[in-house]
Amino acid sequence: MNWVGRTALALIALHLAVRAALAFGGYFYWDDLILVGRAGTQSLLSPGYLFDDHDGHVMPGAFLIAGAITRVAPLNWVGPAVSLMVLAALTSLALLRALYVILGWRPMLLAPLTFALFTPLAVPGFAWWAAGLNSLPMLASMAWVCADAILLLRTGRHRYAYSATLAYLGGLLFFEKAAIIPFVAFTIAALYHHVTDTGSVRQVWQRGRRLWVACLAVTAGWVGVYLVVVDQQRWSFDLSMTSELLWRSVTHGIVPGLAGGPWDWQRWAPASPWAMPPPAVMILGWVALAGVVAVTLLRKRRIGPLWLAALGYAAACQLPIYLMRSSRFTALELAQTLRYLPDLVLVLALLAAVGLCAPNRDTSTRLDASPARTVVAVGLAVAFVASSLYSTATFLTSWRDNPAQPYLQNARAGLAAAHADSDAPLLDQEVDPLVLQRVAAPENLASHMFALLPERPEFASATTELRMLDAHGKLVDAKVTWVRSIVPGPAPQCGYLVQPDFPVTMPLDGPLLPADWTAEINYLANSDGSMMLSLSEGAEAKVAVHPGLNRVFVRLPGAGDAITVRANTAALSVCIASGPVGFVAPK
């Protein structure tokens, strides 16, 4: 390995240091907590867990890794951060291998490598754990398959077909978007042979047929799995909005990213940050793009198809997402989150490496190697890295504004203290909407999010001590609000008399709409036992009762204008008085 290889490894080390600041400076966010909740309530090896339709994604590999890390250290960010670093290292080394296969240890290898390692276009897809578990294995797989495809065509050794197919399957296990890898690899291989004049598209197919056929067979099988798992009903036909999103991603994402932008990020919690490039970096981006196009066309021959491939992939890597997730109500900021661009970064780096292999034009001798060219190239690279690091730093500042972090840290401390102080269970509740909203149900329930914590009270449908997590995640004493109340019962000095053979319906003073309600039940029982309570339209909840005058709080999901009560225990008699039915609120 010459100085180019050592410099490349040094750049990767710097890249990983920057990524470490991002990874360890972040925290659980949105889908991360969905992964945590599922890992705590399902078997990690069950098909229902591994092959779950996660918002249109099929990602058994990501589920397995996330579940294993969560089981080892629940709600501890160190594990996810380390996993992101390991995947980033594998991805960067796979990219270096691909660039080496295309260019060898030539100084020009450092240009596409520097762009891929430091451009902010890949930052949002890394910092978010759930997104990183999707994209990073796919990127490593893509780089590996592209390198193996070229090696297969160059050497004819079948082992490259086998290793590429296995790498491709590995990428598919983490992200269904990896299905595009064989087409990217074929395109890269065909363009490489085109610019080096070593083979036609037909010859690329024939020489690599073993790989292409194997990958297409794997793709067909995975498409079948995807269609079984995902009932895709989210396609949008609003082509106007889709085109606006695509153009916004170009003007506010891709083009500023070519100059190390966007420099500035905006955020409305709990949404993820989106790029807000100032006019200066947008202009710099367009100048950089125009300069690169002009220089490459003046310097190189046969590179027209490479620019067409870059333009086509910039659209292809985003269109399926926008067609699935856009409508006339979609905010254009979706295109500015840059979450869907990490694979574009890698493809652009590979295309750049292929373009550098193209023969020089005879009229471009002024661009030959010289001290002046070296100074300009190094100066531009340093400026790009500095601009990119600034954008990465401003992203991290915005990313750290995460309401989930103080909420979860307060909740862990409060649950541990409650577990030490009392054996009373907790009623389940939804966590704060800024942490995880109802659309993620049931993973937005505290019983799912904190299922694996070793020091916490049990969650139950009834409790004698009403407590709740407030908006800051602190465990506080609570009360039941008087949305409705149980009408006083007919039995004098008893209210409603409940016995095993005589279930009772307790009317409310008004109807309740469908929701998760809580009832305060004040009762007098003659012995230990249990009874079942339910709203007119809702599931039953089992409640333990004890002799004497007591109070219990019961979670009753459903709707209706009455509560039905029946005793389960022989010889049990319970008198129930009036009480509130409503939501749980801090005292």
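Label positions at Val82 and His546, each projected 7 Å from the Cα along the C-beta direction, are separated by 4.3 nm.
The portion of the accessible surface of segment 511-569 made up by carbon and sulfur, rounded to a whole percent, is 55 (1.4 Å probe; DNA, RNA and ligands excluded).
For the ranges 551-562, 332-343, 392-403, what's the packing order if you count other beta-carbon atoms within 10 Å of each residue, average per peptide, and put the highest first?
Result, highest mean first: 332-343, 551-562, 392-403.
Mean residue ellipticity, 222 nm, helices only, the chain: the sum of -39500 (n - 2.57) across DSSP H runs of n ≥ 4, divided by residue count and rounded to 500, is -16000 deg cm²/dmol. Matching the structure-derived Cα Rg over 2.2 N^0.38 Å against the labelled list (1) 1.09; (2) 0.97; (3) 1.21 gives the label (3). The gain in end-to-end length when the Val376 to Thr155 segment is fully stretched comes to 75.9 nm, 0.36 nm per residue minus the alpha carbon separation.
Roughly how big is the chain's charge dipole about its Cα centre, with Cβ charges of +1 (Lys, Arg) and -1 (Asp, Glu), in debye to the nearest 20?
Dipole magnitude for the chain comes out near 3120 debye.
Taking the protein heavy atoms of segment 52-132 in the context of the full set of protein chains, the accessible area attributed to carbon and sulfur is 73 percent at 1.4 Å. Residue by residue, segment 35-43 carries 3J(HN,Hα) couplings of 4, 4, x, 5, 5, x, 10, 9, 6 Hz when phi is fed to the Karplus relation 6.51 cos²θ - 1.76 cosθ + 1.60 (θ = phi - 60°); x denotes Gly or Pro.
Could you let me know the centre-to-centre spacing of segment 246-325 and segment 435-502, using Cα atoms, in angstrom? Each part's Cα centre sits 50 Å from the other's. Annotation for Ala491 and Asp368: the two label points, set 7 Å from Cα along the Cα-Cβ direction, are 10.6 nm apart.
Would you give the gap between the C-alpha center of segment 114-169 and the C-alpha center of segment 187-236, rounded to a whole Å? Comparing the Cα centres of segment 114-169 and segment 187-236, I get a distance of 14 Å. Surface composition of segment 256-402: carbon plus sulfur atoms hold 72% of the accessible area, using a 1.4 angstrom probe and ignoring ligands, DNA and RNA. Solvent exposure of the chain amounts to 43 Å² per residue of accessible area, where only protein heavy atoms count and the probe is 1.4 Å. Would you list which lysines come within 28 Å of Lys542, measuring only between C-alpha atoms, while excluding same-chain residues fewer than 8 positions from it? Output for Lys542: Lys474, Lys479, Lys587. Charge tally around Ala13: other residues with Cβ under 11 Å, Lys/Arg +1 each, Asp/Glu -1 each, net +2. Per-residue packing, averaged as other Cβ atoms within 10 Å, sorts the ranges 164-177, 201-214 into the order 164-177, 201-214, beginning with the highest.
Distance between the pseudo-spin-label points of Asn522 and Lys587 (7 Å out from Cα toward the beta carbon): 1.6 nm. Each peptide in 408-420, 25-37, 143-155 was scored by the mean count of other Cβ atoms within 10 Å over its residues; highest first, the order is 143-155, 25-37, 408-420. Charge tally around Leu508: other residues with Cβ under 9 Å, Lys/Arg +1 each, Asp/Glu -1 each, net -1.
The values are calculated or read from the model by the stated rules, or taken from the named source; none is laboratory data. Values in this document were obtained by computation on a predicted structure and should not be read as measured data. Positions of Cβ are generated from backbone atoms using ideal geometry, with glycine treated the same way; all protein chains shown enter the neighbour counts. Protein only, heavy atoms only, side chains kept; ligands, DNA and RNA dropped before computing areas. Shrake-Rupley method; radii C 1.70, N 1.55, O 1.52, S 1.80 Å.
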